[in-house]
Structures are given as C-alpha cells and as structure tokens.
Amino acid sequence: MAREVRLGLVGSGFVAGVHLQALREVRGVRVTRVASRDPEHGAAFAQAHGIPAWDRDWRSLVQAQDVDAVLVLVPNDLHANVAMEAIAARKHVLVEKPMALTLEEADAMIAAARAAGVWLGYGEQLCFAPKYERLRELAAEGAFGRVYHLRQAEKHSGPHSPWFWDVRRSGGGALMDMGCHAFGWFRWVLGARYRPVEVLCRCDRHMHRERTEGEDHALALVTFADASGELVTAQAEESWAKPGGMDDRAEIHGTGGVGYADLLQGSSNLVYSEAGYGYSVEKAGSTRGWSFALPEEVHQQGYPHELQDFVSAIAEDRPPRQTGEDGRAVLELLLGAYRSAGRGAVERLPLEAVANVPYPAALWRPTT
C-alpha cells in the first residue's frame with residue numbers, strides 16, 4: 001500500500017478553507033500543518049479543521065519533517081517565494097493559480113523543481129471539474145466532429161479576499177483572476193496538437209473603478225493552430241461586474257455538434273429565502289430572495305479531483321496532470337492578453353521579451 005502523503009498548507013484564508021473541504025474526498029493524504037501570519041487566525045483555523053500544528057512563519061512549515069508536500073494558498077505575489085523555499089527544502093509543491101506574476105519567476109520555479117527532483121503542480125481545477133471534463137471527453141471521442149471554437153465564461157460581482165483589488169499583489173483584475181481558468185481549460189481540451197498563435201483582448205472597468213486599478217471585465221480571443229495550419233478560436237469572458245451570483249459556463253463547437261456545460265446553476269436548487277442563508281464558494285452578493293443553492297459546490301468545481309491527482313502523482317512518482325510548465329504557458333497567455341489590451345491590437349504568440357514587467361496588468365492601463 002502506498003504511503004500517506006503529509007501536506008502542509010501555506011495560507012489560512014478563503015481558498016485554504018476550500019481546499020480543506022475538498023481534501024475530505026481525497027485518499028492517501030493527511031494535513032499535518034498550516035502556516036498563517038495571523039497567530040489568532042492560524043490557531044483558530046488549525047483547531048477548527050483538526051490540523052495538529054500551525055506555524056506563524058511559512059518558512060518553518062516548509063522545513064518541517066512531517067511535511068512531504070506544500071500547497072501554496074497565499075496571495076499571488078507570494079507564490080514564487082513560497083514555492084522556491086519549499087522546493088529548496090525538497091518538498092513537492094502545488095501552486096494555486098496563477099503560477100506567478102512574471103515569466104522569470106515561473107521559469108525559476110520550474111528549473112528549481114527539476115534540479116531538486118520534486119514535482120511542481122499547477123492548481124487549475126477546471127481541468128478536473130466533472131462537467132467540463134465530460135465535455136472534453138466527448139470532444140476527444142469525436143462527438144462534435146472537428147472542433148473549431150471554444151468558449152468559457154466566469155462572471156460574478158468580485159472576489160472574496162481584499163488583496164485581489166491591489167493589482168501589485170494580484171497581478172491584475174478579472175482577467176488575471178479567472179482568465180487563467182479559461183486559458184488553462186482551452187489548452188487542456190485542445191491538447192499538444194494545437195499551440196496558441198495570437199490573442200486579442202479588451203479590458204474595461206465598469207463597477208469597481210474606486211476599488212482597483214485593474215479591469216473588472218475582460219474579453220479575450222485566442223487563436224490556436226496545429227502543424228497543418230488548421231485553426232481553432234477560443235473566447236474567454238471574465239467579469240467582476242456581474243451582480244446576482246456566479247456564472248461558470250463552457251462550450252465546445254464542432255462541425256458535427258456542440259456541447260454546453262453549466263458548472264453551477266445547472267446543478268443547483270432554486271431557493272427563495274426572506275432571511276437569507278450562508279454560502280461557501282458561490283460569489284453571491286446576497287442570498288435573500290431567489291437564489292441558486294448548489295450542493296457539493298467544491299466537488300462540482302473539481303477541487304477534490306485536482307488534489308487527488310496531485311497526491312497520487314507523489315505516491316506514484318509521476319507528473320501531475322497540470323504541471324509548472326502548464327502554469328507558465330497560461331501565464332504567457334495572460335501577459336499576451338494584457339499587452340493586446342494595452343496596445344489595442346492583436347498580439348502574436350509566443351511572446352517577445354516581457355522582462356522588467358512587475359505584474360501582468362502593468363501591460364495595460366485603464367483609460368477611465
């Protein structure tokens with residue numbers, strides 16, 4: 001029987017709670033530690049979730065002998081530093097999306113993991129979400145004929161955690177937050193046969209001009225091509241400017257059919273409540289009145305499947321399904337999209353040098 005993988009969580013915020021909920025479904029794993037800079041919150045978080053130990057300094061966690069692998073669940077600007085320290089301690093690492101803020105950081109993480117002989121995973125749960133995965137399987141079976149267009153849209157009224165509004169920490173707005181999901185899913189559906197050759201993007205601010213310098217609505221069109229020149233277009237629509245809760249939908253269009261996946265509302269219960277009720281992941285501004293109450297939301301979004309793959313990869317000594325290289329490729333698409341939005345023109349891929357760019361949204365500047 002394979003040994004149990006001992007996980008350490010760096011971060012005790014909202015997304016850490018999501019991952020702990022998902023880990024209830026994962027076999028062969030035990031959470032041994034959590035690190036939080038807030039002593040009261042870290043201790044309370046550990047106690048609430050039955051985690052034996054907590055650390056105020058994440059550097060102590062990555063050096064701990066009872067940790068085999070580290071989940072990096074901190075704000076985006078800290079991803080590279082935490083991952084590099086964990087890799088240096090020869091721990092396997094799963095980094096929550098996005099991979100990093102710069103390609104230089106991503107390249108350093110990938111090189112360090114290779115040199116240390118550890119697995120570096122990229123946290124893109126949409127490549128594991130059951131409905132999305134079934135859609136991809138149908139496309140691979142030829143159910144839709146030759147695929148020529150993909151679409152993915154994720155829209156809500158804004159993120160849970162306040163650091164997202166600071167582009168220097170998050171790297172950007174809605175595109176950075178959720179466009180990585182779309183770009184990662186496009187690559188997963190199309191596979192190694194296709195590579196991105198250009199991207200056209202527009203970023204705007206509608207609802208949150210006073211809260212962030214980042215975009216709260218973005219449209220991106222990526223063109224993929226195979227070796228023969230056959231093209232597939234892929235459209236991403238990402239928004240923090242949509243009231244009323246979360247939309248998360250995908251489409252695959254082909255010459256012989258079409259497939260649609262509604263990740264949230266299609267699996268939910270229609271509920272009316274005058275008082276309102278609690279919710280976990282759903283980005284609902286309020287649950288008073290009519291709303292969609294989704295059972296097993298974390299499961300529907302693919303988090304347990306993503307974590308099971310990472311844990312199994314460690315136990316089986318194989319690469320995880322989504323690797324550091326996948327995370328870097330998604331980051332390059334994000335940078336290309338922001339540069340396109342900034343220039344108001346199509347951006348060719350792969351990118352020319354983008355050195356000395358502190359975060360992706362720095363390539364785009366809002367006009368209002």
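The values are calculated or read from the model by the stated rules, or taken from the named source; none is laboratory data. Owing to the predicted nature of the structure, the values given are computational and were not obtained by experimental measurement. Note: ideal-geometry Cβ built from the backbone for every residue, glycine included; neighbour counts use all protein chains shown.
Does at least one position in the range 288-303 carry a residue that is farther than 25 Å from Pro159 by Cβ and buried (at least 20 other Cβ atoms within 10 Å of the Cβ)?
If we filter the range 288-303 for residues that are farther than 25 Å from Pro159 by Cβ, which is where we start, we get none.
No, every residue in the range 288-303 fails to be farther than 25 Å from Pro159 by Cβ and buried (at least 20 other Cβ atoms within 10 Å of the Cβ).
Among what's in the range 199-222 and is in contact with a Leu (Cβ under 6 Å, 6 or more places away or on another chain) and surrounded by fewer than 22 Cβ atoms within 10 Å (Cβ to Cβ), pick the residue that is farthest from Ala293 (Cα to Cα).
This residue is Leu200.
Out of all the residues in the range 349-360, is one or more polar (S, T, N, Q) and either on the phi < 0 side of the Ramachandran plot or within 21 Å of the chain's Cα centre (by Cα) (or both)? First the steps, then the outcome.
Within the range 349-360, the subset polar (S, T, N, Q) is 356.
Okay, now just the ones that are also either on the phi < 0 side of the Ramachandran plot or within 21 Å of the chain's Cα centre (by Cα) (or both), so none.
No: the range 349-360 contains no residue that is polar (S, T, N, Q) and either on the phi < 0 side of the Ramachandran plot or within 21 Å of the chain's Cα centre (by Cα) (or both).
Could you look through the range 222-248, keep only residues that are in a strand (DSSP E or B) and over 19 Å from the mean Cα position of the chain (by Cα), and pick out the one that is farthest from Gly171 (Cα to Cα)?
First, the residues of the range 222-248 that are in a strand (DSSP E or B): 222-225, 231-239, 247-248.
Okay, now just the ones that are also over 19 Å from the mean Cα position of the chain (by Cα), so 223-225, 231-233.
Numbers: Thr223: 24, Phe224: 25, Ala225: 28, Leu231: 30, Val232: 28, Thr233: 25 Å.
Per the stated criteria, the residue is Leu231.
Starting from residues that are touching a residue at least 40 places away in the same chain (Cβ under 8 Å) and touching a Phe, Trp or Tyr at 6+ places or on another chain (Cβ under 7 Å), keep the ones in the range 346-365 and report whichever is farthest from Leu101 (Cα to Cα).
Among those that are touching a residue at least 40 places away in the same chain (Cβ under 8 Å) and touching a Phe, Trp or Tyr at 6+ places or on another chain (Cβ under 7 Å), it is Trp364.
Tell me which of these Ile51 doesn't satisfy, since it passes every other one: (1) buried (at least 18 other Cβ atoms within 10 Å of the Cβ); (2) touching a helix residue (DSSP H, G or I) at 6+ places or on another chain (Cβ under 7 Å).
All conditions pass for Ile51, except number (2).
Does Glu352 satisfy the criteria of being farther than 30 Å from Arg3 by Cα and touching a Lys or Arg at 6+ places or on another chain (Cβ under 7 Å)?
On the way: farther than 30 Å from Arg3 by Cα: yes; touching a Lys or Arg at 6+ places or on another chain (Cβ under 7 Å): no.
For Glu352, the condition - farther than 30 Å from Arg3 by Cα and touching a Lys or Arg at 6+ places or on another chain (Cβ under 7 Å) - is not met.
Out of all the residues in the range 9-45, which are assigned to a helix (DSSP H, G or I) and without any contact (Cβ under 8 Å) to a residue 24 or more places away in the chain? Full working, then the answer.
Taking the range 9-45 and keeping what is assigned to a helix (DSSP H, G or I), we get 14-23, 39-45.
Scanning the range 9-45 gives Pro39, Glu40, Ala43, Ala44.
Only one of (1) part of a strand (DSSP E or B); (2) surrounded by 16 or more Cβ atoms within 10 Å (Cβ to Cβ) is not met by Tyr272, so which one is it?
Tyr272 satisfies all of (1) part of a strand (DSSP E or B); (2) surrounded by 16 or more Cβ atoms within 10 Å (Cβ to Cβ) except (2).
Please go through the range 310-325 and pick out each residue that is surrounded by fewer than 21 Cβ atoms within 10 Å (Cβ to Cβ) and either of a type outside the set (A, V, I, L, M) or touching a Ser or Thr at 6+ places or on another chain (Cβ under 9 Å) (or both).
Of everything in the range 310-325, those that are surrounded by fewer than 21 Cβ atoms within 10 Å (Cβ to Cβ) and either of a type outside the set (A, V, I, L, M) or touching a Ser or Thr at 6+ places or on another chain (Cβ under 9 Å) (or both) turn out to be Ser312, Glu316, Asp317, Arg318, Pro319, Arg321, Thr323, Glu325.
Yes/no per residue for (1) surrounded by fewer than 22 Cβ atoms within 10 Å (Cβ to Cβ); (2) at pLDDT 95 or above; (3) not acidic (Asp, Glu):
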| residue | (1), (2), (3) |
| --- | --- |
| Glu105 | yes, yes, no |
| Ala111 | yes, yes, yes |
| Glu124 | no, yes, no |
| Arg151 | yes, yes, yes |
| Phe164 | no, yes, yes |
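For residues that are over 23 Å from the mean Cα position of the chain (by Cα) and free of Cβ contacts under 8 Å to residues at least 12 places away in the same chain, tally how many sit in the range 59-90.
1
Any idea how many residues of the range 203-243 are among the polar types (S, T, N, Q), over 20 Å from Leu349 (Cβ atoms) and without any contact (Cβ under 8 Å) to a residue 24 or more places away in the chain?
From the range 203-243, those among the polar types (S, T, N, Q) are 212, 223, 228, 233, 235, 239; that's our starting set.
Within this subset, residues satisfying the condition of being over 20 Å from Leu349 (Cβ atoms) are 212, 239.
Add one more test, that the residue is without any contact (Cβ under 8 Å) to a residue 24 or more places away in the chain, and what stays is none.
Summing the residues that are among the polar types (S, T, N, Q), over 20 Å from Leu349 (Cβ atoms) and without any contact (Cβ under 8 Å) to a residue 24 or more places away in the chain in the range 203-243 gives 0.
Being charged (D, E, K, R) and closer than 12 Å to Leu175 by Cα is the filter here, so list the residues in the range 195-216 that pass it.
Listed by number, the residues that qualify are Arg202, Asp204, Arg205, Glu215, Asp216.
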